Every structure is written in C-alpha cells, then in structure tokens.
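Asks: Just passing along the structure, written as structure tokens.
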There are 6 protein chains.
Amino acid sequence: MTTVEAAAAVARSPLVILPAGAYEQHGPGMPLATDTLRAEAVAERVAAELGGRAVIGPSLPVGVSPHHLGFAGTVTLTTGTLAAVVRDYVGSLHRHGWRKFLVITGHGGNNATLTTVAQDLLADRPDVEFAWTPVTVLASEVVAEMGVSEVHGHSGEAETAQMLHLAPQLVHRERLVAGTTAHDQLDPLSKVARRGGHPTLTLPYDRLSPNGVLGDPRTATPEDGAAIVAAVVTRITAFAKEWLDS
Amino acid sequence: MTTVEAAAAVARSPLVILPAGAYEQHGPGMPLATDTLRAEAVAERVAAELGGRAVIGPSLPVGVSPHHLGFAGTVTLTTGTLAAVVRDYVGSLHRHGWRKFLVITGHGGNNATLTTVAQDLLADRPDVEFAWTPVTVLASEVVAEMGVSEVHGHSGEAETAQMLHLAPQLVHRERLVAGTTAHDQLDPLSKVARRGGHPTLTLPYDRLSPNGVLGDPRTATPEDGAAIVAAVVTRITAFAKEWLDS
Amino acid sequence: MTTVEAAAAVARSPLVILPAGAYEQHGPGMPLATDTLRAEAVAERVAAELGGRAVIGPSLPVGVSPHHLGFAGTVTLTTGTLAAVVRDYVGSLHRHGWRKFLVITGHGGNNATLTTVAQDLLADRPDVEFAWTPVTVLASEVVAEMGVSEVHGHSGEAETAQMLHLAPQLVHRERLVAGTTAHDQLDPLSKVARRGGHPTLTLPYDRLSPNGVLGDPRTATPEDGAAIVAAVVTRITAFAKEWLDS
Amino acid sequence: MTTVEAAAAVARSPLVILPAGAYEQHGPGMPLATDTLRAEAVAERVAAELGGRAVIGPSLPVGVSPHHLGFAGTVTLTTGTLAAVVRDYVGSLHRHGWRKFLVITGHGGNNATLTTVAQDLLADRPDVEFAWTPVTVLASEVVAEMGVSEVHGHSGEAETAQMLHLAPQLVHRERLVAGTTAHDQLDPLSKVARRGGHPTLTLPYDRLSPNGVLGDPRTATPEDGAAIVAAVVTRITAFAKEWLDS
Amino acid sequence: MTTVEAAAAVARSPLVILPAGAYEQHGPGMPLATDTLRAEAVAERVAAELGGRAVIGPSLPVGVSPHHLGFAGTVTLTTGTLAAVVRDYVGSLHRHGWRKFLVITGHGGNNATLTTVAQDLLADRPDVEFAWTPVTVLASEVVAEMGVSEVHGHSGEAETAQMLHLAPQLVHRERLVAGTTAHDQLDPLSKVARRGGHPTLTLPYDRLSPNGVLGDPRTATPEDGAAIVAAVVTRITAFAKEWLDS
Amino acid sequence: MTTVEAAAAVARSPLVILPAGAYEQHGPGMPLATDTLRAEAVAERVAAELGGRAVIGPSLPVGVSPHHLGFAGTVTLTTGTLAAVVRDYVGSLHRHGWRKFLVITGHGGNNATLTTVAQDLLADRPDVEFAWTPVTVLASEVVAEMGVSEVHGHSGEAETAQMLHLAPQLVHRERLVAGTTAHDQLDPLSKVARRGGHPTLTLPYDRLSPNGVLGDPRTATPEDGAAIVAAVVTRITAFAKEWLDS
C-alpha cells in the first residue's frame, strides 16, 4: 500500500485492522513469530471478507511476553510500552481521518494492554471507536471438538494446527513434542494458576512447562487449523460488518 | 491495625489482600463507592475465613472508570495511574517481607490494569506472586438463578442485591429504577458492544443506558445478595487456601 | 452520595474537599490509617460548617511516606504517583463542572506533592483553583498550650489527642509509650534534621526514633484532641467561606 | 573546576552545593535571572566559609515558575522536569562518590519540588543525605527590621536589596516601582491567597500584582541586602558545619 | 527461528541485528513499508555474510515519521515510544545473554532516537555494546555516481533503485514521478532547511515537496539499487567483523 | 534582561537562541563547564551580529554526558530529561509569542536529543520552527588547517583553542597534556568505535583515553580559537539571517 491507496482508503475503508502478535518461544517446533503470523493471516482474510471496507495497518510484531522470558529468544515489551505504541498508531491514523480501529491479537498476553488502551481512549479521544479481539478463543467450539489435552494452550494443539494450515513451512514437525498435558504434571503453585476462571494468578511459563508447551502439538492437523481460522474469520467478519453498518 | 500487628503479620500472614473499587455512578439509587464497599466486605470475609493467614492492606478506592464519566460524580484514574498505585503498594509491602498479593476488585474496569501489573511484576519482581479477582462473576451460577434481565450488569440486579445485603442503609430503594434491560433498547453501535464474547468494543455508559443502569435493580433482594457474596467468598477462600498451601 | 446528589452538587456546592492521609506506622498504639481518619473527620466537619456549599470527594488513603518504610505496614506512594492520582481526581471532577478543590491532608508528607500539583495546574488548567491544607499545624496555639515534649510530632501528643477524640476505639491506650522526647536523645545527624526551620534535611524516622514516635502520647487527652480539631475546623471553614464568597 | 579538582574534592569536600534559581519576571527593574544570581552568590560564600569542605556543582538556572508565566520572558519547568534534573545531578555525583547534597534555592517556587526529590531519594538512594534551603526567609529577622510593606515578597524590598548588594549593575534603579503593597489593593480571591499560613491557595502573579512586584523595591538599600546575605550565609554555614561534623 | 535456535545462537551468534524501518509515505509509487523492507533485506544479507556470527531479531516496523504525517497512511511513534521499544528489545535479549546489538535503520528519522538509546544504555547497562547504522548513506559514493537530482533524498533515485532491486513487485513504476528536484523549487524557509550541514532545521515534508518525493525516482534502475545494497552490506559487514573480532 | 525587555523582544526579536552545554570532564586542563562557556560565547556573538533580531534565552548548562561519567565531576542528564527541559523552555517562550528557536550546543552529546525534540515538536507544536547547531564542526575547514592529531576531538586542539581565545583564565595551560592522539593507541573495540562514519558504536571515554582527552591540546593557540569561533559565528549568523528573512 502506498500513500495513494491510503488516501483513498480514508474515505472508502473506515476500519483499520492492526495485527498484533508476539516474539516469544513457541516450543521447540514453532517459530518465535507464530502469534504475529497468525494475526496477520486472520487480518488479511477478514479484510478480504469485508470487501474494501477495511484496511490493514502496520503490525505490532512484539507484544507483552514476560511470562516467556525464561526461554531464549523471547522479546517482550512492558505493558506501558505496548500501550504507547498502540496509542501512537491510533493517534497517527486519527490524523488522517480514521476513527474505527480493530486490533487482532494472536497473543493473549496483549489482551489486557489493549483493554487499557481502549479505556484511556474513551477519555482522551471520544470520537475513536477502538475494538480488539483474540484469535483462537473465537473458535473455542472447534477446538473443543478437536479433543485437546487436559492442560492445553500455548503452542499446543490449537496453535500448532493453525500454523500447519497457515505456514507449514515454518513448523518443525519432527521437533513437535508434548509439553504439560495433564493437571497432575503441574507443581502445586502451577495448579493454582491453572485452576481456570478467577482468581487469576500469573506465573512464568518455565514453571508451567519444561519445554514451554501446554498440550500436545503432535496431534494437531492442518485441517483443524483451517477450521479454527475459518471460524475466527467468520466471527470477526460478522462483528466488523455489524459495526460498520451501525 | 498498627505497625505492631503489621510486623507480626509479615511472618504469620503471608498473604496481603488489597480491596479495589471505583468511585463512579451506580445509577440513581446506589452510592458512588458501591464497588469499593463490596470489595472491602468480601476482603474482610475472606480474611476471616483464612483465619489469620491473610491481612488486609489499604484499599484502592478509585479505579478506572472513564466509561462512566458522562455521569456526575464519577472519578477515574488513567490505567497508568492505577497501575502505578498498585505497584507502589506492592513495592512498599515487599520491603516489609510480603510476597503474595491478592487484589479483590469490585469493579470490572480495573481488571485489565491489574493484569498488566501482574505481567510487569513477572519481569521486575520475580519473587512476587500477584493474583487478582473480580467479585460478581465468581457467583455467576447464583446470578443466573436470580432471573436477571436480558441486558444486565452495572448497577443491575446482582450488584444491587449485594448492596442490599452488605450496606442496605446506603441504598435509596425508592430511587431504584430499571435501566436498559433488553437488547432491543440499545442503539446499533451499543448492540455491537454488547454482543458478548470477543471482539470487544468499549463504549461510554451514557450511550448504553440513559440512567447508567444495565438491568432492573428493583428485583434485587438482600437474600440474593447474601447468596452472591457467600459464593464469592467461598471461591476466593478456596483459591487462597490452595495458594497458601502450595 | 449517588450520581444524583453529585449532579445537584455541581451547581450548589462549588467546592470539592478531598481528604488525604497516609498508611504508615503511628507507633505501637495508633492505627496505620491515623492520618486518613483525621483528615476525613475534619473534612466532614468543615463540610457541615459550610452548610451545603461543599461536597467531599473520594479520599486519598495512601500518601508519601518513604520516611516510615523502616516500620512494618507502611505503604507509600512515590511523589509522582500521588501527584498523578490527585491530578486524575481533579481532572475527572473538572469534567463535571467543579473548579474549586481543597485537599485536607492529615499527613505532612503529602504537603510538597500537593504544592507541586497546584503549581502544574496553574499552567495546565488555569480555570482551576486548587488549595490544600495540613491539619494539626492549624492548631499550633492549642498544641503549644498542651505542654508537649521538646521533640514532638509524629504520633505524639497532638496526633494522639485527636485520635482519642475522633476514634478512641482504634487507639491502644495500653500500648502508648513515649518515643523520642528530647533533643539530646537524637544522634548528631538527627539533631541536624530537627534543628527547626531551614535548611531542611529529610531523614528516615527509624533514625529519629526507635519506636517511630516523636513525643509522649501518654499525656494526650481527648479534650485536647477536641480542642485541636475544633481549631482546625474553624480555620479551614473561615478560609473556605472567604474563598467561596470571593 | 576541572575533573582533577573534582577527583580531589570527592575525598576532601564531601558536601556538594547546588545553586537553584529561576528565569522569571522580577518586575521592571530586576533581571529574569535574579534568583539564580542570588543563589549562586550565597553558595559561593557558604563554600568559602566552609573552607574546602564543600564544592559547588552545576546551577539549576530555571525553576518552577508557572505563576509568573503571565509576564514576558518567564521560563518554567514543570515540577516533574525539575525533579528529574535534580535527580540526574544527584545520581551523577553519587557515582563519583558524593553522598551529601545541599540545594540552595533563590526561588521559593522550587521548594516543594526539592522536598519531593528528598522524599523519593529516601526510598531510592538511602545512602544519600539530601538537604535544601531557601534564601531570604533565613534572614526573616533582618527583613522584619527593614520595615517592609504590608504586602511584600517577590521582587520587593528584600530581594531588591540583595541584588543591590550582589549585582547592582544589573538593577535598573530608575525603573524600580512599587507593586502591590497593601492588602486592600488585592481583589477578594487574591486576599484569600495572601491570608498567610495555611490553607494554601496558589494564584498567578499577574492576578496579585499588575507589574509582578509585591512590595516597594524603591526603599531597598545595598546595606540591607548585605545584612540579609550575611544572615543567610551564617545560617546555612552553621547548618552545614553541624552536618559535616555529625 | 524457534527458541531452540535462539538458545543455540546466544553462544554462537553474539551479535543481534535489529532491522528498523518506518511506515510512512514514499510518494505515489512506493509502499509505506519501504524503509522496513530495505532494512530487513540488508540485515539478512549482512547476517549471511557473517556466517552464523549474528542473528536477526524482531523488526521495528514503525519509526519516527512526524515529518510525513501530512501524507495519508503515515504512522509515527514519538521518539520516546521508539526509544522504549528499542530498550525493551535490548533488555529482553540481554536476559538471554546477548551483549552486542546492531540496529540497521532504513529510515533516517530513527537515527537520533537510536543515538539517545545508545547514550542512555551507557549509564544503565554498561555491559551492552549498542551500535546502529543507516543504510543509503553508507553508499554515498555509489549514489554520487548515479547522477542524482540537485535536491535528492526521500523516495528519490537512491531509495527507488534499492526497491527496484529488492522488491520490484511492490513498486508502481507507472506512478513514479519527480518530486522536488531543484533548490529553486523550494520556498524560502525550505531552502533554509535544505542548506546542508548544520544548523539543522526540521520541516514537514509536505512543505518540502507537494508529492512527498525529493528527487526523480524515474531515473532509478535496479542495477543502481543492487550496487547501493552491495556497498551497504559490504560496509556493515566489515564493521561487524572488526567488532566481533575485537 | 528584565521582563520589560522580554516583552519588547517578542515583537522585535522573533528568534530565541538557547545556549546548551555540558558539565563534564575536559581533561586535566579545562573546566567542566567548557562546552557551556563556548556555546554562550557563540550565542552572544551571533546575537550581536543579528542586531536585535534575536534574544538569548536561559542556558542549558548540563547536557547528555554518560560517556564521561568515568571521570570525576561529570554530571549528566538522561536524554529524556534534557528533552523535557528543552520542551519546557520552548513551551514557556511559546506562550509569550516566540515561534523560532535555535539551540547552539557546545556539546555534541546533546545533538541527538535536540533532534528528537525537533521531531516531536513537528507533531505537537506545528507552528514552532526549531533549529539547532553544534559549534566546532561548523569550522571544520579551519580545524583541518590547524594540523590536528590523527585521533582528535574532545578536549583536543580545537576545543582548547576556543577556550584559549574565549576564557584563557580558565585554562590550566601547565596541565594540558596529550591524550589519545593516534589510532594505534586505541584498543580493538575503541578502534571500531573510531572508524569514522557509520555504523556508530558509542563507548565510554575512559575506554578511549586514559585522561579523557582526544588529541593534543598543547598545540592549540588562541589565534586558532579565534578563527574557529569566527567561522562558527559567521555560519550560524548567515543561517539565522536567511531564516529570519524567509
């Protein structure tokens, strides 16, 4: 996209989609950029579904990942830095005339910061409508049908399936190994953190899993990944259409 | 509590509970401090259940409430200010020797900021264990049984019930009136924001409801409030015991 | 107070009083919240004297207390955090229409930060009138008549007297003991810090007094406390009336 | 001073004196840098009196002067900026080995910020001893004997006298004119602000005085200025000696 | 790269290369991400030349571009935000063991911020060696031989040539048009800003050029681009080798 | 200058010159304030040349000098603090009506921060024109003719010459000694840093030179200093005139 397309898009495409990810360990078999790749792929498909009513802005390739710092290669922003970056993106695009923003984050560690940005914008830029969404949880029904491990999540069945669908060339299949898959494998404090629901206790992932994986990525299939992505895209698209029509 | 009790508590009571609330409109019938009062009441009961293994620290009487600024009296902190306050509390108590912190927030607008604090603490103070919890959602089963409105939430049946149980003298019963109770009463953009689940769009509450209320507080009873509070206390206590024993 | 009263108060009660305190050691006999309690009590009495021309906003229950961190239980904000909180309170209430703010601080450690807020507001919000006041020093004549110790101050005769008047149930009378009462008990550096007047050297209180007390709280009486509070309330009320009439 | 003298001074001169001033209107007859000049002059004399036990560090030529922004030429720092500058000075000199710091401020607008720095340093750099002092108020007895105006202060008799003594070539004597000299000349709100003592209300100086002057600088004499400076130097020197000996 | 490769790289590849770019107008013919693409391409080639002694970390896809905000699509970070991001990257990778960092920036607007990061790191992380480099100016001899316009720079001959070499599919050749090419086309203030050398006056680019282009991109050839990139890679590689061997 | 002259200057003297320096080691023979003195001297001469079209504002006596912290006496601001100070200066003078600012920095360590201020002002205060300039490099032709050492720079021939011309009484001629003068005297990492041109690696000066000097100040003459200063003043004056006329 050049500035020419951008100028045209201000009028024609009132929604800006910003893909947000992470640069963090995804176990021995998946790339550090896994979450960013998934977010970008979903963003592109949603934009395509919206048929010109949305444009994709610059990515946020690094997110909030302090819980993964125990694993080499992980890069994290503080929550304050990520919030500043998102605000700067929004502030810049606001100057050009955009008012609707949707951040699609492939990384759950960004969720809270995105909410704080939304809250502060209410007071600072009342004419902005700022929304955000995670990816995988939008397809929770699909994931439930996949038959995932008791403990399941980061770099597990669902994320791996998406990568096998979206970027199979970046997955080291031969290295995929199970991480923590059962509640009993957790130490007592980790069990507290993985009780589910609230209260919420945040622990570093090297405590939850020796290899950083929750679940068993070996059972993931590209077909499952395609189903997850399709469900996610459908849901976000429906949301965006309703929003654009409101 | 004096410094004498505090000194004794460092050894005996390894958990500090911090009640967090808000200073924001709660419709025509409930006080601005509703969320703080509920959080403090729950904190006291949980501490009592824990039998000396927890102490209650200073409250956070003002939270993140930009969405209520359209209603007189609402005071909000930015998310950055609230995060700084919580960090300062934790940092001070850390000097005295505490390592476990549980924030009980009566106000959902604080959730995201509390998560960002938890995340940043992972990198900055790895010896701290920081947890937080909302209140009402822990009793979602009880609330479901109450038969609440289609649109239900802020200052609605569940919050009002808690106040009728905890601080009936502060509730102006004669002023309790229904707010937005049905999806059809919402304007199109508000419908998008109240779809449920993700994506998440944050809107100011004067858009969602003319009087700031979601639901019909007139149907609330003190008995329901007692049941909600009991469920919340039970759940947090169970969590805290497992944590303290881990 | 609900949002209904707040909406009415914007027009009728142009002055907002904000009570500020501390959460810090007050010797073995008085609670950590001593300063906040005193500030709130004075605020309520001043507001009553002003007969509807002032409202009381949310408290600032934790202040700037790094000098007390040597004693368990003390929680402090940095000066920057406290300033941010006060600015957020003022900014929120400014949206609703208030322009006159009076912070009553029961804790002298907040004085400087309140002044910095007043200064920065001059440039940032020229339509705001921001005043603040300490408590005990307004009654210096009463205190002088009480016959206090040579070294006298924190948790000493005057503060204890106020608590015996305002919240006797929170004072552990049997634990009240003298702290540092004479200049000769101070080490040389502490003598420098307690010379009186300027230059000003700030030292931690565990250096000034082994038990955190300056003075002898055992001589305090509720009658002295009542006299102090009355003098303080009279002086603040007179100030506020002149201000509101100007 | 070169780095050679600085290296020697770390051992021989354990006290660093930092002169702080302002760059703000001082009426039609005195320079914008009046407060900095006075602070530097006092610093030099105190250092001389201390006979090698103190060194003078870099000046702080601009201070906190938002109340003078109504008059051309005034430059102000926010309180946060000034605090950052002072902390950076202290942090740098701390690396070289200094632990005792005394800021002499010729401008009262800096007082609060200096106190906040002292407070934050207690927690952040417990091995630092940080003191600060104003100038003119140390000579209040001398000033009282001068017979000053009822309203008296900024650019008035005492400040002008000091300048006539320290830098007569920078004073435009022919332009010296009286500013506000009597309480009755003040408008009602200004009277509130000039009541004396607490509560404290901060107002811009263009409201207090049409020409920015409080008092009548025409009655100032260099002899009075010499007496003020001598009293100030004596007092600070005595303080510093006691400190260095403690 | 997965965390497995990252863990191996900490020992084997002591240098981390971080590509930095911009998301800003590049005239009607080149994409907003031009600078990031060029930086990433150079980074990959330098890493290849270094044969395993360097790894490439996450990109900085948005930089400091306030001077391009007059053109649609430009997104800028404030200098403080970019500095925070770079510091967070360095801080994260420092935890894993890396000490040498080289930022390759395709966007000159990032240069100053990168220098400020380098300066602050000297004091905060003395064990870090932080270097940065621009791209095109390293090939100034090649550019000089190309015969560029009198006014030449942003989106001009040299940048376009690089893109024709590196990513020709992203260049809209048919849209390439000359921007400001001669000093006489500039208005007087712009002439001051483009005098060359110091003093330095920064102006927005919509003042310097109606279409945001400085120079005539139509004369650019992929061959020139290849020569520029080769010269840049050679120079950075030589620097990095000398550094790694030192 | 008093506020009277300042008020007149807003209309008559549209350009404000701000001298910026440093407080850092300048070898055994030159004062810590060398850079500030040179900047102020140049500022005065430029202002004189401009005949009333410029005024000189307050100095920035301390700059960004972390690379000199290894030598006693050096005081540094972080880049963020210096930027805040400059912005506060500009913001204050902007209130009075000035729009053109020129910072003359005698210290190269300030260059990057000044550029970041210029960039952020483009977005925040689009009506401001902010320029900055170094000193010595403007006279590079004169310096080249002086016949300086192979390694030459800080406190070397050119800086010393300027001081011998501008403030000979502050130069300890008998202490002037050569520092690092030849590339071969550098250790391998320092050679990388002193390669010249980009990439840029910033190292502390105690690594580059045992006594903090680059070059041989003994060969400096006041005549060379006069020539340097004259060339610098000529160049800045020409720039300013063109600017003021534009």
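Asks: What number of residues within region D:1-17 are facing chain F (nearest Cβ under 7 Å) and either under 20 Å from F:Ser155 (Cβ atoms) or in contact with a Cys (Cβ under 7 Å, 6 or more places away or on another chain) (or both)?
Replies: Residues that pass the stated criteria total 6.
Asks: Of everything in region C:147-174, what is surrounded by 14 or more Cβ atoms within 10 Å (Cβ to Cβ) and over 19 Å from C:Arg38 (Cα atoms)? Give them in sequence order.
Replies: Within region C:147-174, C:Val148, C:Ser149, C:Val151 qualify.
Asks: With (1) more than 24 Å from D:His96 (Cα to Cα); (2) buried (at least 22 other Cβ atoms within 10 Å of the Cβ) as the list, and D:Gly80 as the residue in question, which single condition is left unmet?
Replies: Just one mismatch for D:Gly80, condition (2).
Asks: Just to be sure before I move on: is C:Leu203 touching a Leu at 6+ places or on another chain (Cβ under 8 Å), within 12 Å of chain D (Cβ to nearest Cβ) and within 18 Å of D:Val103 (Cα to Cα) in the structure I sent?
Replies: Answer is yes for this residue.
Asks: If you don't mind, another one. Tell me, please, whether a residue that is in contact with a Leu (Cβ under 6 Å, 6 or more places away or on another chain), in contact (Cβ under 8 Å) with a residue 60 or more places away in the chain and not small (Gly, Ala, Ser) can be found in region C:33-41.
Replies: Going residue by residue through region C:33-41, those that are in contact with a Leu (Cβ under 6 Å, 6 or more places away or on another chain) are C:41.
Filter again for in contact (Cβ under 8 Å) with a residue 60 or more places away in the chain, leaving C:41.
Pick out the ones that are also not small (Gly, Ala, Ser) and you get none.
No, region C:33-41 has no match at all.
Asks: Here is a check on your reading of the model: is D:Leu186 within 30 Å of C:Val232 (Cβ to Cβ) and either surrounded by 21 or more Cβ atoms within 10 Å (Cβ to Cβ) or not polar (S, T, N, Q) (or both)? Give the steps one after another, and end with the answer.
Replies: On the way: within 30 Å of C:Val232 (Cβ to Cβ): yes; either surrounded by 21 or more Cβ atoms within 10 Å (Cβ to Cβ) or not polar (S, T, N, Q) (or both): yes.
Taking the combined requirement at face value, the residue satisfies it.
Asks: Return a yes/no flag: does region E:27-37 have any residue that is at pLDDT 95 or above, among the charged types (D, E, K, R) and either touching a Cys at 6+ places or on another chain (Cβ under 9 Å) or more than 23 Å from A:Ser92 (Cα to Cα) (or both).
Replies: no
Asks: Please enumerate the residues belonging to region C:174-194 that are of a type in the set (D, E, K, R) and within 13 Å of another protein chain (Cβ to nearest Cβ).
Replies: Result: C:Glu174, C:Arg175, C:Asp187, C:Lys191, C:Arg194.
Asks: Looking at region C:48-57, which of its residues are among the aliphatic types (A, V, I, L, M) and either modelled with pLDDT under 95 or in a helix (DSSP H, G or I) (or both)?
Replies: C:Ala48
Asks: Among the residues of region B:177-202, count how many are in contact (Cβ under 8 Å) with a residue 40 or more places away in the chain and within 21 Å of the chain's Cα centre (by Cα).
Replies: 3
Asks: Just wondering, is there one or more residues in region E:223-233 that are surrounded by fewer than 20 Cβ atoms within 10 Å (Cβ to Cβ) and more than 16 Å from E:Arg38 (Cβ to Cβ)?
Replies: Of all residues in region E:223-233, those surrounded by fewer than 20 Cβ atoms within 10 Å (Cβ to Cβ) come to E:223, E:226, E:230-231.
In the following step, the residues that additionally are more than 16 Å from E:Arg38 (Cβ to Cβ) were identified as E:223.
Yes.
Asks: Restricting to region B:18-47, name every residue that is of a type in the set (A, V, I, L, M) and either within 11 Å of another protein chain (Cβ to nearest Cβ) or within 19 Å of B:Ala72 (Cβ to Cβ) (or both).
Replies: B:Leu18, B:Ala22, B:Met30, B:Leu32, B:Ala33, B:Val46
Asks: Additional query: Within region A:111-128, track down each residue that is facing chain B (nearest Cβ under 8 Å) and either of a type in the set (D, E, K, R) or at positive phi (or both).
Replies: Once the filter is applied, which keeps residues that are facing chain B (nearest Cβ under 8 Å) and either of a type in the set (D, E, K, R) or at positive phi (or both), region A:111-128 yields only A:Asp120.
Asks: State which residue pairs qualify: first residue at the interface with chain A (Cβ under 10 Å from one of its Cβ atoms) and inside region B:228-246, second residue of a type outside the set (A, V, I, L, M) in any location, beta carbons under 6 Å apart, and separation of 6 or more residues or different chains.
Replies: Matching pairs, first to second residue: B:Ile236/B:Thr133; B:Phe239/A:Pro199; B:Leu244/B:Arg53; B:Ser246/A:Pro188.
Asks: Please determine, by comparing only the residues of region B:1-47 that are touching a strand residue (DSSP E or B) at 6+ places or on another chain (Cβ under 6 Å) and part of a strand (DSSP E or B), which one is surrounded by the fewest Cβ atoms within 10 Å (Cβ to Cβ).
Replies: Residue satisfying both the conditions and the ranking: B:Leu15.
Asks: Additional query: Going through region E:88-110 one residue at a time, which ones are surrounded by fewer than 24 Cβ atoms within 10 Å (Cβ to Cβ), more than 22 Å from F:Leu189 (Cβ to Cβ) and within 12 Å of chain F (Cβ to nearest Cβ)?
Replies: Answer for region E:88-110, where residues must be surrounded by fewer than 24 Cβ atoms within 10 Å (Cβ to Cβ), more than 22 Å from F:Leu189 (Cβ to Cβ) and within 12 Å of chain F (Cβ to nearest Cβ): just E:Gly108.
Asks: Moving on to the next point. How many residues does region F:206-222 hold that are closer than 16 Å to F:Val148 by Cα, in contact with a Leu (Cβ under 9 Å, 6 or more places away or on another chain) and in contact (Cβ under 8 Å) with a residue 60 or more places away in the chain?
Replies: So the answer is 7.
Asks: Given the structure, is B:Leu102 within 23 Å of B:Thr237 (Cα to Cα) and either acidic (Asp, Glu) or out of contact with any His (no Cβ under 9 Å at 6 or more places or on another chain) (or both)?
Replies: Answer is yes for this residue.
Asks: Cβ contacts < 8 Å: first residue closer than 26 Å to F:Ala9 by Cα, restricted to region F:94-121; second residue at pLDDT below 95, any location; separation 6+ or different chain. Result?
Replies: F:Gly97/F:Ala11
Asks: Can you pull out every residue in region D:48-74 that is closer than 18 Å to F:Gly63 by Cα and either facing chain F (nearest Cβ under 9 Å) or surrounded by fewer than 24 Cβ atoms within 10 Å (Cβ to Cβ) (or both)? Show your work before the answer.
Replies: Just the residues of region D:48-74 that are closer than 18 Å to F:Gly63 by Cα, to begin with: D:56-63.
Across region D:48-74, the qualifying residues are D:Ile56, D:Gly57, D:Pro58, D:Ser59, D:Leu60, D:Pro61, D:Val62.
Asks: Give me the pairs, please: first residue somewhere in region A:58-85 and free of Cβ contacts under 8 Å to residues at least 60 places away in the same chain and assigned to a loop (DSSP other than H, G, I, E, B), second residue anywhere and crowded, with 24+ Cβ neighbours inside 10 Å and aromatic (Phe, Trp, Tyr), beta-carbon distance under 6 Å, and either six or more positions apart or on two chains.
Replies: What qualifies is A:Pro58/E:Tyr23; A:Val62/A:Tyr23.
Asks: State yes or no: is D:Val171 within 13 Å of another protein chain (Cβ to nearest Cβ) and in contact with an Asp or Glu (Cβ under 8 Å, 6 or more places away or on another chain)? Give the derivation first.
Replies: Numbers: within 13 Å of another protein chain (Cβ to nearest Cβ): yes; in contact with an Asp or Glu (Cβ under 8 Å, 6 or more places away or on another chain): no.
Answer is no for this residue.
The values are calculated or read from the model by the stated rules, or taken from the named source; none is laboratory data. This one's a predicted model, so the numbers in the text were calculated from it and none came from an experiment. Heads up, the Cβs are rebuilt from the backbone with ideal geometry, glycines too, and the neighbour counts pull from every protein chain shown.
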